[in-house]
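See below for the structure under consideration.
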Amino acid sequence: MIGFTLFLVLEKFLMILPRRLRRAIFIGLGKLAYLLSKRYKKVVRDNLKFVYGANVDEAFVVRTTKYSFKLLLLNFLHTMESRYYSVEEIAKKVTFENEEVLIKAQQEKRPIIIVTGHYGAWEFAGSMVSAKFEPLMIVYKHMKNRYFEEYLLSARAKWRMTYVERRGATRAMIAQMRSGGAMAILIDTNVNKKEAVSVEFLNHPTSQIKTTAYLARKFNAALLPALIHTKDDEHYVIRFGEEIIAPKTEDEAHDILVSTQMQTKWLSDEILKEPEPWFWLHRRFKDDYPEIYKS
């Protein structure tokens, strides 16, 4: 509790500073983390070698690793600032592309599942979609520090977002779909094989969450891919892809597998097209390929 209180004092001090200075501090912290964290630098290198091969370009590895740490700190900065700035102030730096697919689903009064990944300012993206278009339900993983967990969740209150803890989330997700609501799901997290299907992700067979495919099929939900992009880490574009329409036959298991592969192919293509903004600090393949993270 004392540590969290000190953090809140530090936060208030940081928010008094000019935004440009505050941003420079967080970017500097990202550089410091890069210099000090041997463990997570290794995770990025392991992931890149796994995806691109053992002879992956060293300059690419260094550039991507540095950007991964920078993104981590900027994502946290966005969370902090969201507690102080209004939706209107923050929205000035965001534009949307192909949002018509979401509006169309709303007009059809269909439930909506936004599939996305740990890419760029992903926390910021979910907040903006929820505030501007459709209140979103988000599934999160319980944190050990309950004070910090409450801090993160309360920071999203103004964005009309609701949260459900990952364990036991299925019932809440089904209720959200039945009510015609919307949710955003990160489909690139490490998952329990018992809850997954195996599909190609970044050119490797990988256990992948199948919940989005199951719910879309069962409730005729619009399965909409979306990612956030930026050229300067200041101005952002949230880009929606076309609705992912999977087959619906008498073979439910096959339909779910096809739908999951379609989602994963979309995300893989986006990552390989512009790889640096993906969250390479995450040990995404630890259950399927634990050997790649060994010392």
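Any read-out appearing in this document is the output of simple, stated calculations on the displayed coordinates, not a laboratory observation. As the structure is a computational prediction, the values presented were derived from the model and not from experiment. All Cβ positions, glycine included, derive from the backbone under ideal geometry; neighbour counts span all protein chains shown.
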Original post:
Once the piece of chain linking Glu89 and Leu272 is laid out straight, how much longer is it, given 0.36 nm per residue of separation minus the C-alpha distance between them?
Top reply: 62.6 nm
Original post:
Which order do Thr170, Thr211, Thr260, Thr5 fall in if you start with the one that has the fewest other Cβ atoms within 10 Å?
Top reply: Thr5, Thr170, Thr211, Thr260
**OP:** Starting from one equal scatterer on each C-alpha and no solvent at all, send me the Debye-based log10 I(q)/I(0) for region 170-241 at q = 0.17 Å⁻¹, two decimals.
**Re:** -0.81
Subject >> Translational diffusion coefficient (Stokes-Einstein; Kirkwood radius from C-alpha pairs) of region 125-270 at 20 °C, 1.002 mPa s, in µm²/s >> reply: 130 µm²/s
Original post:
Over all Cα pairs of region 1-154, how is the pair count split among 10 Å bins, expressed in % and running from 0 up to the last occupied bin?
Top reply: 8, 29, 34, 23, 7, 0
Original post:
For Lys104, Lys41, what ranking results if the residue with the fewest other Cβ atoms within 10 Å of its Cβ goes first?
Top reply: Lys104, Lys41
**OP:** Output the DSSP H helices from the chain with an along-axis C-alpha extent of no less than 20 Å and a mean Kyte-Doolittle hydropathy no less than 0.5.
**Re:** 2-16, 19-36
Original post:
Taking 1 over the mean of 1/r across every pair of different Cα atoms in the chain, what Kirkwood radius in Å do you get?
Top reply: 20.2 Å
Subject >> Gap separating the Cα centres of region 1-67 and region 268-293, nearest whole Å >> reply: 17 Å
Original post:
For labels at Leu6 and Asp233 in the simple 7 Å Cα→Cβ model, what's the distance in nm?
Top reply: 2.6 nm
Subject >> Full-extension gain in nm, Lys194 to Glu165, via 0.36 nm per residue minus C-alpha separation >> reply: 8.6 nm
Subject >> Lys141-Ile27 FRET efficiency (beta carbon distance; Förster radius 30 Å; 0.05 resolution) >> reply: 0.70
Subject >> Ranked Lys273, Lys49, criterion: other C-beta atoms within 10 Å, fewest first >> reply: Lys273, Lys49
Subject >> Residue pairs, from the table Lys218/Lys265; Lys49/Lys286; Lys12/Lys231; Lys70/Lys141, whose Cα atoms sit over 25 Å apart >> reply: Lys12/Lys231
